[in-house]
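Notes for the one structure printed next.
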Amino acid sequence: MKHIAIVTVLVALLTIVTNYFLLSVGLLPVEASTQATIIDKLFNTHFFIISFLFSLISVFMIYSLIVFRNKKGQDEDGKFVTGSTKLEILWTIIPLATVISFSYLGAKSLAETRIINPQAMTINVTASQWAWSFEYPDFEITSNTLYLPVDNQVNLQMTSLDVIHSFWVPEFRVKQDVLPGENLVKELRFTPSIIGDYTLMCAELCGGAHAYMNSPVKVVSEADFQSWVDLESKADDLNPVQKGEKLVKNNGCIGCHTLDGSASVGPTWLGLSGSEKSLMDGEKIIVDDKYLMSSILNPNQDIVQNFSPNIMPSIYADLFSKEELEDIIAFINSLH
Ligand SMILES: [Cu+2]
């Protein structure tokens, strides 16, 4: 009985210490959505159970190793113990009850994170290799930064143009795979609760530049959101270069092309126009508007040396109007 009392005290102490360590080591980033609070409650319960099980096993093991060691000169066989029905019933019922209560807690929390607010703002999210684009149908705005008004539920309607991607902002805790296919729209709802800058990451390995498939997320006050909407809605007054810049940033080109001369999946656009380029078939050309236009419309026609064919999507002929293509080319021409 003395041993059981000592072990119980040791298990309790080690559980508290381990749990304190797990909570203070900063495993989870800040809780920045109402859903995060619900999910972290689950996480914290798990941390506690993990600490308890860890302590239970290691204390029993180490205590037995030390206290019940063979004394010097003691070499007879140990006591022979057959099964204990009492113990076996106990260690079946306790884990079973634990697992069942967790499934209840899990289902309840999942339902809580999915409560629908009919006033939620809808945003259409499009993922592609390797960029995110956000369309706000209420305001006719398309952006490559996800702007969210604080304390308002958003309803993301998400689809992919190519492969499976996954929407994940660690601070919001919720995550949703984004699937390709005409009618495969995936929904994700959450309510950001802390004003600040976050990063959206793709959480599904989706090809060469997957690791760079990040987008800024800005949670702002209601007033700041309104002024952003007003500013973006004036986009019609932009000149062609500014329009082109918006188009390339909103349509994923920057996932593969850089604007600062550094290498990426595709050639950089800095100093592109007017430069001499070697193509894969050995031909040399001077980059002009005509070449740029055909590079965007038929990416597999002229392949730039040292770059791979069949990487740049052939979807832009359908995606852009002639005017938009000219804006894009004006923007590329402005990069010197
Ligand atoms: Cu991705």
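Which residue, of Asn152, Asn124, is farther than 16 Å from Asn214 by Cα, away from the ligand (no atom under 16 Å from the Cβ) and part of a strand (DSSP E or B)? Walk me through it before giving the result.
Values: Asn152 fails: part of a strand (DSSP E or B).
Step by step, each of Asn152, Asn124 is checked, and only Asn124 is farther than 16 Å from Asn214 by Cα, away from the ligand (no atom under 16 Å from the Cβ) and part of a strand (DSSP E or B).
Looking only at the stretch 231-253, count how many residues are surrounded by 15 or more Cβ atoms within 10 Å (Cβ to Cβ), of a type outside the set (D, E, K, R) and at pLDDT below 85. Step through it out loud before you land on a result.
Step one: filter the stretch 231-253 for residues surrounded by 15 or more Cβ atoms within 10 Å (Cβ to Cβ), giving 232, 240-253.
Remaining after also requiring of a type outside the set (D, E, K, R): 240-242, 244, 247-248, 250-253.
Keeping just the survivors that are at pLDDT below 85 gives 250-252.
Adding up the residues that qualify gives 3.
Scan the stretch 162-187 for residues that are more than 13 Å from the ligand (Cβ to nearest atom) and over 17 Å from Ser128 (Cβ atoms) and report the count. If you could, list the steps in order and put the result at the bottom.
Step one: filter the stretch 162-187 for residues more than 13 Å from the ligand (Cβ to nearest atom), giving 169-174, 181-187.
Restricting the remaining residues to those that are over 17 Å from Ser128 (Cβ atoms) gives 169-174, 183, 187.
The total comes to 8.
Rundown of residues vs (1) within 22 Å of Pro118 (Cα to Cα); (2) in contact with a strand residue (DSSP E or B) (Cβ under 6 Å, 6 or more places away or on another chain); (3) of a type outside the set (A, V, I, L, M); (4) free of Cβ contacts under 8 Å to residues at least 24 places away in the same chain, yes/no style:
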position: Asp177; (1), (2), (3), (4): no, yes, yes, no
position: Val185; (1), (2), (3), (4): yes, yes, no, no
position: Arg189; (1), (2), (3), (4): yes, yes, yes, no
position: Ala209; (1), (2), (3), (4): no, no, no, no
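Is there a residue being in contact (Cβ under 8 Å) with a residue 60 or more places away in the chain, not in a loop (DSSP other than H, G, I, E, B) and not assigned by TED's automatic domain parsing to the domain that holds Phe190 anywhere in the stretch 89-96?
Here is the first cut: in the stretch 89-96, the ones in contact (Cβ under 8 Å) with a residue 60 or more places away in the chain are none.
No, that holds for no residue.
Looking at (1) away from the ligand (no atom under 16 Å from the Cβ); (2) buried (at least 16 other Cβ atoms within 10 Å of the Cβ), can you tell me which one Cys256 breaks?
Cys256 satisfies all of (1) away from the ligand (no atom under 16 Å from the Cβ); (2) buried (at least 16 other Cβ atoms within 10 Å of the Cβ) except (1).
Here are Glu171, Glu76, Glu135: which of them is in contact with a Pro (Cβ under 7 Å, 6 or more places away or on another chain) and either closer than 30 Å to Gly266 by Cβ or among the acidic types (Asp, Glu) (or both)? Steps first, please.
On the way: Glu76 fails: in contact with a Pro (Cβ under 7 Å, 6 or more places away or on another chain); Glu135 fails: in contact with a Pro (Cβ under 7 Å, 6 or more places away or on another chain).
None of the others qualify; the one that does is Glu171.
Could you tell me whether the stretch 199-215 includes any residue that is away from the ligand (no atom under 16 Å from the Cβ) and part of a strand (DSSP E or B)? Steps first, please.
Here is the first cut: in the stretch 199-215, the ones away from the ligand (no atom under 16 Å from the Cβ) are none.
Checked against the condition, which is being away from the ligand (no atom under 16 Å from the Cβ) and part of a strand (DSSP E or B), the stretch 199-215 yields no hits at all.
Quick check on this structure: which one of Asp230, Asp288, Asp318, Asp281 is of a type outside the set (Gly, Ala, Ser) and assigned by TED's automatic domain parsing to the domain that holds Val125?
Numbers: Asp288 fails: assigned by TED's automatic domain parsing to the domain that holds Val125; Asp318 fails: assigned by TED's automatic domain parsing to the domain that holds Val125; Asp281 fails: assigned by TED's automatic domain parsing to the domain that holds Val125.
That would be Asp230, the only listed residue that is of a type outside the set (Gly, Ala, Ser) and assigned by TED's automatic domain parsing to the domain that holds Val125.
The values are calculated or read from the model by the stated rules, or taken from the named source; none is laboratory data. Predicted model only: the values in this text are computed from it and were never measured. Every residue, glycine as well, gets a Cβ built from its backbone with ideal geometry; the counts of neighbours run over all protein chains shown.
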